[in-house]
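Visitor: Can you read through this structure? Questions will come right after.
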Amino acid sequence: MTTAPRHREDTYAQAANAAVPNAAVPNAEAANAEVPTTEAATAEDGSAPDRRVVVTGRGVVSPLAPNWPDTWAALLAGRSGIGDITGFDVQDLPVRIGGEVPGFVPEDHIARHVVRRTDWTVQAVVAAARMALREADIEIDEVLAPRVGVAVGSIIGSTRVASRNAMAMRDEGYAAVGPQVFPTMGISSAAEVCLELGCRGPSAELVAACATGTVCVGEAAAWIREGRADVAVAGGMDAFDRLELAAAARARVLSRRTGDPAAASRPFDRGRDGFVMGAGAGVLVLESAAHARRRGATALAEVAGYASTTDAHHLTAPAPDAGQAARAMRAALAAARAAPADVGYINAHGTGTRLNDDTELTAIRQVYGDHAPRVPVSSTKSMTGHMLAAGGAVEAAVVTEVLRTGAVPPTLNCDDPEDPALNFVAHTAQEHDVDLGVSHSFGFGGHNAVLVLRRLRG
(Lines give C-alpha, C1' and ligand atoms only; values in the text may rest on other atoms or scores of the structure.)
Protein backbone atom coordinates (compact mmCIF):
# COMPACT_ATOMS: atom_id res chain seq x y z
CA MET A 1 0.00 0.00 0.00
CA THR A 2 1.19 3.50 -0.79
CA THR A 3 0.89 6.48 1.52
CA ALA A 4 1.25 10.18 0.93
CA PRO A 5 4.20 12.08 2.44
CA ARG A 6 3.26 13.34 5.89
CA HIS A 7 3.92 16.99 5.09
CA ARG A 8 1.45 17.29 2.20
CA GLU A 9 -1.64 19.43 2.73
CA ASP A 10 -5.21 18.55 1.66
CA THR A 11 -4.03 15.59 -0.36
CA TYR A 12 -6.10 13.14 -2.33
CA ALA A 13 -5.12 10.34 0.08
CA GLN A 14 -6.17 12.38 3.13
CA ALA A 15 -9.50 13.31 1.56
CA ALA A 16 -10.13 9.72 0.58
CA ASN A 17 -9.89 8.58 4.18
CA ALA A 18 -12.07 11.31 5.65
CA ALA A 19 -15.60 10.47 6.76
CA VAL A 20 -17.48 13.55 5.55
CA PRO A 21 -21.18 13.93 6.38
CA ASN A 22 -23.46 14.53 3.39
CA ALA A 23 -24.09 18.09 4.33
CA ALA A 24 -20.38 18.83 4.58
CA VAL A 25 -19.46 17.59 1.11
CA PRO A 26 -19.02 20.64 -1.13
CA ASN A 27 -20.50 20.79 -4.60
CA ALA A 28 -18.02 20.13 -7.38
CA GLU A 29 -17.09 23.65 -8.43
CA ALA A 30 -13.39 22.75 -8.32
CA ALA A 31 -13.58 19.78 -10.69
CA ASN A 32 -10.58 21.07 -12.61
CA ALA A 33 -8.60 22.35 -9.64
CA GLU A 34 -4.97 21.38 -9.43
CA VAL A 35 -4.09 18.77 -6.83
CA PRO A 36 -1.06 19.41 -4.59
CA THR A 37 1.97 17.33 -5.46
CA THR A 38 5.31 16.48 -3.90
CA GLU A 39 8.07 19.07 -4.17
CA ALA A 40 10.00 16.92 -6.63
CA ALA A 41 7.12 16.82 -9.08
CA THR A 42 7.24 20.22 -10.76
CA ALA A 43 6.53 21.42 -14.26
CA GLU A 44 9.25 22.78 -16.52
CA ASP A 45 8.34 26.34 -15.58
CA GLY A 46 8.68 25.48 -11.88
CA SER A 47 4.95 25.44 -11.17
CA ALA A 48 3.01 22.45 -9.85
CA PRO A 49 1.85 20.31 -12.80
CA ASP A 50 -1.66 19.07 -13.41
CA ARG A 51 -1.68 15.77 -11.49
CA ARG A 52 -5.31 14.94 -12.09
CA VAL A 53 -5.57 11.30 -13.14
CA VAL A 54 -7.29 10.37 -16.37
CA VAL A 55 -8.17 7.08 -18.04
CA THR A 56 -6.78 6.77 -21.56
CA GLY A 57 -7.13 3.05 -22.26
CA ARG A 58 -9.24 0.02 -21.33
CA GLY A 59 -8.59 -3.66 -21.88
CA VAL A 60 -11.07 -6.38 -20.99
CA VAL A 61 -11.33 -10.15 -21.25
CA SER A 62 -14.79 -11.20 -20.06
CA PRO A 63 -17.45 -13.91 -20.28
CA LEU A 64 -19.14 -11.72 -22.87
CA ALA A 65 -16.17 -11.26 -25.22
CA PRO A 66 -12.35 -11.35 -25.29
CA ASN A 67 -12.12 -7.56 -25.76
CA TRP A 68 -13.61 -4.34 -24.46
CA PRO A 69 -15.67 -3.09 -27.47
CA ASP A 70 -17.56 -6.37 -27.83
CA THR A 71 -18.01 -6.67 -24.06
CA TRP A 72 -19.56 -3.20 -23.95
CA ALA A 73 -21.86 -3.96 -26.90
CA ALA A 74 -23.05 -7.14 -25.18
CA LEU A 75 -23.69 -5.27 -21.92
CA LEU A 76 -25.85 -2.68 -23.67
CA ALA A 77 -27.74 -5.43 -25.47
CA GLY A 78 -28.44 -7.14 -22.16
CA ARG A 79 -26.83 -10.39 -23.20
CA SER A 80 -25.81 -12.89 -20.52
CA GLY A 81 -22.37 -14.48 -20.61
CA ILE A 82 -23.34 -17.19 -18.12
CA GLY A 83 -23.83 -20.77 -19.29
CA ASP A 84 -23.11 -24.41 -18.62
CA ILE A 85 -19.45 -24.96 -17.74
CA THR A 86 -17.58 -26.85 -20.43
CA GLY A 87 -13.93 -26.26 -19.48
CA PHE A 88 -13.77 -28.98 -16.83
CA ASP A 89 -15.89 -31.76 -15.38
CA VAL A 90 -18.71 -30.52 -13.15
CA GLN A 91 -21.12 -33.44 -13.22
CA ASP A 92 -20.46 -34.32 -9.59
CA LEU A 93 -20.80 -30.72 -8.37
CA PRO A 94 -24.01 -29.05 -7.15
CA VAL A 95 -23.20 -25.95 -9.23
CA ARG A 96 -22.50 -26.49 -12.93
CA ILE A 97 -22.83 -22.98 -14.38
CA GLY A 98 -20.45 -20.04 -14.65
CA GLY A 99 -19.07 -17.27 -16.80
CA GLU A 100 -16.30 -18.81 -18.90
CA VAL A 101 -14.45 -16.70 -21.48
CA PRO A 102 -15.28 -17.52 -25.10
CA GLY A 103 -12.87 -16.83 -27.92
CA PHE A 104 -9.85 -15.82 -25.88
CA VAL A 105 -6.62 -17.00 -27.52
CA PRO A 106 -3.62 -16.17 -25.31
CA GLU A 107 -1.17 -16.63 -28.21
CA ASP A 108 -2.79 -13.62 -29.91
CA HIS A 109 -1.22 -11.46 -27.21
CA ILE A 110 1.70 -13.39 -25.67
CA ALA A 111 4.56 -15.49 -27.01
CA ARG A 112 3.90 -19.22 -26.93
CA HIS A 113 6.76 -20.01 -24.55
CA VAL A 114 5.31 -17.52 -22.04
CA VAL A 115 1.87 -19.10 -22.39
CA ARG A 116 3.35 -22.52 -21.64
CA ARG A 117 4.85 -21.44 -18.31
CA THR A 118 2.11 -19.11 -17.03
CA ASP A 119 -1.34 -19.54 -15.57
CA TRP A 120 -4.45 -18.34 -17.41
CA THR A 121 -4.85 -15.37 -15.07
CA VAL A 122 -1.44 -14.00 -16.06
CA GLN A 123 -2.18 -14.54 -19.73
CA ALA A 124 -5.51 -12.73 -19.43
CA VAL A 125 -4.17 -9.71 -17.54
CA VAL A 126 -1.21 -9.29 -19.91
CA ALA A 127 -3.64 -9.48 -22.85
CA ALA A 128 -5.93 -6.90 -21.22
CA ALA A 129 -2.95 -4.63 -20.52
CA ARG A 130 -1.80 -4.82 -24.14
CA MET A 131 -5.31 -3.99 -25.37
CA ALA A 132 -5.57 -1.07 -22.95
CA LEU A 133 -2.22 0.33 -24.07
CA ARG A 134 -3.32 -0.04 -27.67
CA GLU A 135 -6.47 2.00 -27.02
CA ALA A 136 -4.37 4.58 -25.16
CA ASP A 137 -2.01 4.69 -28.16
CA ILE A 138 0.99 4.65 -25.89
CA GLU A 139 4.33 2.92 -26.36
CA ILE A 140 6.48 2.12 -23.35
CA ASP A 141 9.97 2.99 -24.51
CA GLU A 142 13.25 3.32 -22.58
CA VAL A 143 12.48 6.93 -21.67
CA LEU A 144 8.95 6.31 -20.40
CA ALA A 145 9.49 2.91 -18.76
CA PRO A 146 10.79 4.21 -15.37
CA ARG A 147 7.65 6.34 -15.06
CA VAL A 148 5.14 3.52 -15.72
CA GLY A 149 3.71 1.69 -12.71
CA VAL A 150 1.80 -1.58 -12.54
CA ALA A 151 -0.83 -2.46 -9.92
CA VAL A 152 -2.74 -5.66 -10.54
CA GLY A 153 -4.25 -8.31 -8.34
CA SER A 154 -5.96 -11.68 -8.20
CA ILE A 155 -7.85 -13.45 -5.43
CA ILE A 156 -7.33 -16.98 -6.67
CA GLY A 157 -3.97 -16.30 -8.31
CA SER A 158 -2.10 -19.21 -9.83
CA THR A 159 -3.50 -21.92 -7.57
CA ARG A 160 -4.18 -24.09 -10.60
CA VAL A 161 -0.42 -24.33 -11.22
CA ALA A 162 0.13 -25.38 -7.61
CA SER A 163 -2.73 -27.90 -7.69
CA ARG A 164 -1.63 -29.52 -10.93
CA ASN A 165 1.94 -29.89 -9.75
CA ALA A 166 0.89 -31.19 -6.34
CA MET A 167 -1.09 -33.94 -8.03
CA ALA A 168 1.78 -34.65 -10.45
CA MET A 169 4.21 -34.96 -7.55
CA ARG A 170 1.81 -37.28 -5.73
CA ASP A 171 1.42 -39.52 -8.78
CA GLU A 172 4.87 -39.32 -10.38
CA GLY A 173 7.29 -38.03 -7.77
CA TYR A 174 9.69 -35.12 -7.39
CA ALA A 175 10.82 -35.00 -11.03
CA ALA A 176 7.26 -34.23 -12.17
CA VAL A 177 7.43 -30.75 -10.61
CA GLY A 178 8.35 -28.20 -13.26
CA PRO A 179 11.38 -25.93 -12.80
CA GLN A 180 9.23 -22.81 -13.31
CA VAL A 181 6.62 -23.73 -10.72
CA PHE A 182 8.22 -22.01 -7.71
CA PRO A 183 8.22 -18.47 -9.20
CA THR A 184 5.00 -19.05 -11.17
CA MET A 185 2.67 -20.36 -8.47
CA GLY A 186 3.33 -17.39 -6.19
CA ILE A 187 1.84 -13.93 -6.38
CA SER A 188 3.86 -12.59 -9.29
CA SER A 189 1.37 -11.17 -11.77
CA ALA A 190 2.63 -7.59 -11.47
CA ALA A 191 6.15 -8.82 -12.22
CA GLU A 192 4.84 -10.77 -15.22
CA VAL A 193 3.11 -7.66 -16.57
CA CYS A 194 6.26 -5.61 -16.07
CA LEU A 195 8.33 -8.26 -17.85
CA GLU A 196 5.98 -8.40 -20.81
CA LEU A 197 5.45 -4.64 -21.17
CA GLY A 198 8.82 -3.31 -20.00
CA CYS A 199 7.42 -1.21 -17.12
CA ARG A 200 10.06 -0.08 -14.61
CA GLY A 201 8.08 2.17 -12.28
CA PRO A 202 6.46 1.14 -8.99
CA SER A 203 4.72 -2.23 -9.11
CA ALA A 204 2.63 -4.25 -6.70
CA GLU A 205 0.28 -7.18 -6.54
CA LEU A 206 -2.57 -5.95 -4.34
CA VAL A 207 -5.24 -8.24 -2.92
CA ALA A 208 -8.42 -7.00 -1.22
CA ALA A 209 -10.84 -9.86 -1.87
CA CYS A 210 -13.57 -8.88 -4.33
CA ALA A 211 -12.56 -5.21 -4.05
CA THR A 212 -9.13 -5.99 -5.55
CA GLY A 213 -9.61 -4.50 -9.02
CA THR A 214 -10.98 -1.26 -7.60
CA VAL A 215 -8.20 -1.01 -5.01
CA CYS A 216 -5.55 -1.52 -7.70
CA VAL A 217 -7.00 1.32 -9.79
CA GLY A 218 -7.35 3.60 -6.76
CA GLU A 219 -3.86 2.98 -5.43
CA ALA A 220 -2.26 3.34 -8.88
CA ALA A 221 -4.05 6.66 -9.27
CA ALA A 222 -2.46 7.74 -5.98
CA TRP A 223 1.00 6.96 -7.40
CA ILE A 224 0.28 9.38 -10.22
CA ARG A 225 -1.19 12.06 -7.96
CA GLU A 226 1.86 11.83 -5.71
CA GLY A 227 4.23 12.21 -8.66
CA ARG A 228 5.75 8.72 -8.41
CA ALA A 229 4.54 7.73 -11.87
CA ASP A 230 3.17 9.42 -14.97
CA VAL A 231 1.41 6.34 -16.32
CA ALA A 232 0.00 3.25 -14.59
CA VAL A 233 -1.41 -0.05 -15.75
CA ALA A 234 -4.00 -1.09 -13.16
CA GLY A 235 -6.63 -3.76 -12.75
CA GLY A 236 -7.41 -7.31 -11.77
CA MET A 237 -7.88 -10.83 -13.07
CA ASP A 238 -9.24 -14.17 -11.93
CA ALA A 239 -10.33 -17.57 -13.16
CA PHE A 240 -11.87 -20.63 -11.57
CA ASP A 241 -11.53 -24.38 -11.78
CA ARG A 242 -13.11 -27.37 -10.04
CA LEU A 243 -11.56 -26.52 -6.70
CA GLU A 244 -12.72 -22.89 -6.65
CA LEU A 245 -16.22 -23.79 -7.83
CA ALA A 246 -16.53 -26.57 -5.26
CA ALA A 247 -15.17 -24.36 -2.47
CA ALA A 248 -17.60 -21.54 -3.22
CA ALA A 249 -20.47 -24.02 -3.49
CA ARG A 250 -19.54 -25.49 -0.11
CA ALA A 251 -19.57 -21.96 1.32
CA ARG A 252 -23.13 -21.68 -0.05
CA VAL A 253 -22.52 -18.38 -1.80
CA LEU A 254 -23.27 -19.57 -5.35
CA SER A 255 -26.60 -19.64 -7.15
CA ARG A 256 -28.03 -23.15 -7.53
CA ARG A 257 -30.08 -22.30 -10.65
CA THR A 258 -28.10 -24.82 -12.65
CA GLY A 259 -30.97 -25.49 -15.06
CA ASP A 260 -31.36 -21.84 -16.12
CA PRO A 261 -27.88 -20.25 -16.39
CA ALA A 262 -28.90 -16.92 -17.93
CA ALA A 263 -31.40 -16.30 -15.11
CA ALA A 264 -29.06 -17.32 -12.28
CA SER A 265 -27.38 -13.97 -11.55
CA ARG A 266 -30.14 -11.84 -10.05
CA PRO A 267 -28.74 -8.75 -8.27
CA PHE A 268 -31.27 -6.90 -6.15
CA ASP A 269 -34.08 -9.31 -7.06
CA ARG A 270 -36.01 -10.84 -4.18
CA GLY A 271 -35.55 -14.29 -5.74
CA ARG A 272 -31.74 -14.15 -5.75
CA ASP A 273 -29.92 -17.13 -4.26
CA GLY A 274 -26.22 -16.35 -4.68
CA PHE A 275 -23.65 -15.14 -7.16
CA VAL A 276 -22.36 -16.84 -10.31
CA MET A 277 -18.63 -17.41 -10.72
CA GLY A 278 -17.05 -15.60 -13.67
CA ALA A 279 -13.58 -15.44 -15.19
CA GLY A 280 -11.87 -12.47 -16.76
CA ALA A 281 -9.43 -9.59 -16.60
CA GLY A 282 -9.79 -5.84 -16.66
CA VAL A 283 -7.08 -3.19 -17.01
CA LEU A 284 -7.17 0.59 -17.18
CA VAL A 285 -4.33 2.77 -18.41
CA LEU A 286 -4.11 5.77 -16.11
CA GLU A 287 -2.08 8.93 -16.77
CA SER A 288 -1.57 12.31 -15.24
CA ALA A 289 -3.67 14.78 -17.18
CA ALA A 290 -0.51 16.73 -17.99
CA HIS A 291 1.22 13.68 -19.48
CA ALA A 292 -1.84 12.75 -21.53
CA ARG A 293 -2.15 16.31 -22.80
CA ARG A 294 1.52 16.53 -23.78
CA ARG A 295 1.27 13.51 -26.02
CA GLY A 296 -2.13 14.48 -27.46
CA ALA A 297 -3.95 11.51 -25.94
CA THR A 298 -7.72 11.23 -25.67
CA ALA A 299 -8.75 11.26 -22.02
CA LEU A 300 -11.81 9.05 -21.55
CA ALA A 301 -12.64 10.08 -17.97
CA GLU A 302 -11.06 11.48 -14.82
CA VAL A 303 -10.47 9.29 -11.77
CA ALA A 304 -11.83 11.97 -9.49
CA GLY A 305 -12.06 10.12 -6.18
CA TYR A 306 -11.28 6.88 -4.42
CA ALA A 307 -11.62 5.55 -0.89
CA SER A 308 -11.38 2.25 0.92
CA THR A 309 -12.50 1.11 4.37
CA THR A 310 -12.77 -2.16 6.27
CA ASP A 311 -15.73 -3.47 8.28
CA ALA A 312 -13.69 -5.52 10.81
CA HIS A 313 -16.92 -7.42 11.38
CA HIS A 314 -16.85 -10.96 9.92
CA LEU A 315 -14.78 -13.08 7.55
CA THR A 316 -17.56 -13.40 4.96
CA ALA A 317 -20.62 -11.38 6.02
CA PRO A 318 -20.77 -7.60 5.54
CA ALA A 319 -21.55 -5.46 8.57
CA PRO A 320 -25.38 -5.21 8.60
CA ASP A 321 -25.38 -1.52 9.51
CA ALA A 322 -23.40 -0.79 6.30
CA GLY A 323 -21.50 1.90 8.20
CA GLN A 324 -18.08 1.36 6.68
CA ALA A 325 -19.43 0.84 3.16
CA ALA A 326 -21.27 4.14 3.49
CA ARG A 327 -18.12 5.80 4.85
CA ALA A 328 -16.17 4.66 1.78
CA MET A 329 -18.87 6.12 -0.48
CA ARG A 330 -18.84 9.46 1.31
CA ALA A 331 -15.06 9.63 1.43
CA ALA A 332 -14.70 8.89 -2.30
CA LEU A 333 -17.16 11.68 -3.07
CA ALA A 334 -15.26 14.01 -0.74
CA ALA A 335 -12.04 13.19 -2.58
CA ALA A 336 -13.79 14.09 -5.83
CA ARG A 337 -15.08 17.32 -4.27
CA ALA A 338 -18.59 16.17 -5.12
CA ALA A 339 -21.90 15.74 -3.35
CA PRO A 340 -24.29 12.78 -3.59
CA ALA A 341 -26.65 14.92 -5.67
CA ASP A 342 -23.92 15.23 -8.33
CA VAL A 343 -23.90 11.47 -9.00
CA GLY A 344 -25.69 10.38 -12.17
CA TYR A 345 -24.94 6.65 -12.19
CA ILE A 346 -23.88 3.91 -9.78
CA ASN A 347 -22.36 0.67 -10.98
CA ALA A 348 -23.23 -1.44 -7.97
CA HIS A 349 -21.24 -4.33 -6.57
CA GLY A 350 -24.54 -6.18 -6.82
CA THR A 351 -23.49 -9.82 -6.57
CA GLY A 352 -26.92 -11.37 -6.08
CA THR A 353 -26.20 -12.71 -2.60
CA ARG A 354 -28.79 -11.96 0.03
CA LEU A 355 -26.52 -10.18 2.51
CA ASN A 356 -24.39 -8.21 0.04
CA ASP A 357 -27.31 -6.72 -1.84
CA ASP A 358 -29.20 -5.79 1.33
CA THR A 359 -26.13 -4.12 2.83
CA GLU A 360 -25.30 -2.23 -0.37
CA LEU A 361 -28.86 -0.92 -0.61
CA THR A 362 -28.70 0.20 3.03
CA ALA A 363 -25.48 2.12 2.31
CA ILE A 364 -26.93 3.73 -0.82
CA ARG A 365 -29.97 4.88 1.15
CA GLN A 366 -27.75 6.26 3.93
CA VAL A 367 -25.49 8.22 1.60
CA TYR A 368 -27.87 9.36 -1.14
CA GLY A 369 -31.03 9.91 0.89
CA ASP A 370 -33.79 11.52 -1.17
CA HIS A 371 -31.55 11.51 -4.26
CA ALA A 372 -31.30 7.69 -4.30
CA PRO A 373 -34.44 7.09 -6.42
CA ARG A 374 -33.14 9.50 -9.05
CA VAL A 375 -29.83 7.69 -9.61
CA PRO A 376 -29.78 4.74 -12.02
CA VAL A 377 -28.16 1.79 -10.22
CA SER A 378 -27.20 -1.24 -12.28
CA SER A 379 -25.19 -4.40 -11.69
CA THR A 380 -23.37 -5.67 -14.74
CA LYS A 381 -22.58 -8.84 -12.79
CA SER A 382 -26.06 -9.92 -13.85
CA MET A 383 -24.46 -10.50 -17.27
CA THR A 384 -20.78 -11.23 -16.58
CA GLY A 385 -21.14 -13.11 -13.32
CA HIS A 386 -18.79 -12.20 -10.50
CA MET A 387 -15.29 -11.96 -11.99
CA LEU A 388 -13.80 -11.60 -8.52
CA ALA A 389 -10.63 -9.44 -8.69
CA ALA A 390 -11.37 -8.49 -12.30
CA GLY A 391 -14.83 -7.19 -11.48
CA GLY A 392 -13.92 -3.77 -10.10
CA ALA A 393 -11.63 -2.88 -13.01
CA VAL A 394 -14.11 -4.02 -15.66
CA GLU A 395 -16.91 -2.14 -13.90
CA ALA A 396 -14.77 1.02 -13.76
CA ALA A 397 -14.40 0.67 -17.53
CA VAL A 398 -18.20 0.45 -17.73
CA VAL A 399 -18.52 3.76 -15.88
CA THR A 400 -16.09 5.47 -18.28
CA GLU A 401 -18.27 4.44 -21.20
CA VAL A 402 -21.48 5.53 -19.46
CA LEU A 403 -19.89 8.97 -19.00
CA ARG A 404 -18.92 9.11 -22.66
CA THR A 405 -22.13 7.79 -24.25
CA GLY A 406 -24.94 8.37 -21.78
CA ALA A 407 -25.97 4.72 -22.23
CA VAL A 408 -26.52 2.84 -18.95
CA PRO A 409 -26.35 -0.97 -19.14
CA PRO A 410 -29.17 -2.91 -17.48
CA THR A 411 -29.51 -5.23 -14.54
CA LEU A 412 -30.80 -8.52 -15.90
CA ASN A 413 -33.24 -10.72 -13.99
CA CYS A 414 -34.36 -7.95 -11.66
CA ASP A 415 -38.02 -9.02 -11.90
CA ASP A 416 -39.05 -8.35 -8.31
CA PRO A 417 -36.73 -5.61 -6.98
CA GLU A 418 -35.75 -5.58 -3.33
CA ASP A 419 -36.30 -1.80 -3.22
CA PRO A 420 -39.00 -0.89 -5.78
CA ALA A 421 -38.37 2.84 -5.36
CA LEU A 422 -34.85 2.59 -6.84
CA ASN A 423 -34.09 2.53 -10.56
CA PHE A 424 -32.16 -0.70 -11.12
CA VAL A 425 -32.27 -0.24 -14.92
CA ALA A 426 -34.10 -3.54 -15.04
CA HIS A 427 -33.86 -5.66 -18.19
CA THR A 428 -33.14 -2.91 -20.74
CA ALA A 429 -30.46 -0.21 -21.12
CA GLN A 430 -31.45 3.40 -20.47
CA GLU A 431 -30.22 6.79 -21.64
CA HIS A 432 -28.98 9.23 -18.98
CA ASP A 433 -26.80 12.33 -19.15
CA VAL A 434 -24.11 11.47 -16.60
CA ASP A 435 -21.29 13.77 -15.50
CA LEU A 436 -20.24 11.80 -12.42
CA GLY A 437 -20.35 8.02 -12.04
CA VAL A 438 -19.51 5.78 -9.12
CA SER A 439 -18.35 2.15 -8.94
CA HIS A 440 -18.70 0.08 -5.75
CA SER A 441 -16.67 -2.99 -4.82
CA PHE A 442 -17.11 -4.94 -1.59
CA GLY A 443 -15.37 -8.14 -0.57
CA PHE A 444 -15.10 -10.92 1.98
CA GLY A 445 -13.33 -9.78 5.11
CA GLY A 446 -15.16 -6.46 5.00
CA HIS A 447 -13.18 -4.79 2.21
CA ASN A 448 -15.00 -1.73 0.83
CA ALA A 449 -13.66 0.29 -2.10
CA VAL A 450 -15.31 3.02 -4.15
CA LEU A 451 -14.19 4.87 -7.28
CA VAL A 452 -15.67 8.15 -8.54
CA LEU A 453 -15.15 8.98 -12.22
CA ARG A 454 -15.93 12.29 -13.87
CA ARG A 455 -16.74 13.09 -17.47
CA LEU A 456 -14.22 15.34 -19.18
CA ARG A 457 -15.59 18.13 -21.33
CA GLY A 458 -13.86 19.91 -24.18
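Visitor: Under a plain spin-label model, where a point goes 7 Å from the Cα along Cα-to-Cβ, how far apart in nm are A145 and D260?
Guide: Placing both labels 7 Å beyond Cα along the Cβ direction yields 5.5 nm.
Visitor: Further, regarding this structure: Provide the per residue accessible area, probe 1.4 Å, for the chain, rounded to a whole number of square angstrom.
Guide: I get 38 Å² per residue for the chain.
Visitor: Averaging over all projection directions, find the projected area of the Cα convex hull of the chain and quote it in nm² with one decimal place.
Guide: Over every viewing direction, the Cα hull of the chain projects on average to 21.2 nm².
Visitor: Sticking with this structure for a sec: Roughly what % of DSSP beta bridges within region 53-455 run antiparallel, to the nearest 5?
Guide: 65
Visitor: In whole percent, and with a 1.4 Å probe on the protein chains, what portion of the accessible area of the chain is carbon and sulfur?
Guide: It is 52 percent, rounded to a whole number.
Visitor: Next up: Students sometimes get this wrong: rank D84, D435, D50 by accessible area, probe 1.4 Å, all chains present, largest first.
Guide: Listed by decreasing accessible area, they come as D84, D435, D50.
The values are calculated or read from the model by the stated rules, or taken from the named source; none is laboratory data. Note that this is a predicted model, so its numbers are computed, not measured. Because the Cβ atoms are built from the backbone with ideal geometry, glycine has one as well, and the counts that use them run over all protein chains shown. For the accessible areas, the whole protein counts, side chains as well, though only heavy atoms, and no ligand, DNA or RNA atoms are used. Shrake-Rupley method; radii C 1.70, N 1.55, O 1.52, S 1.80 Å.
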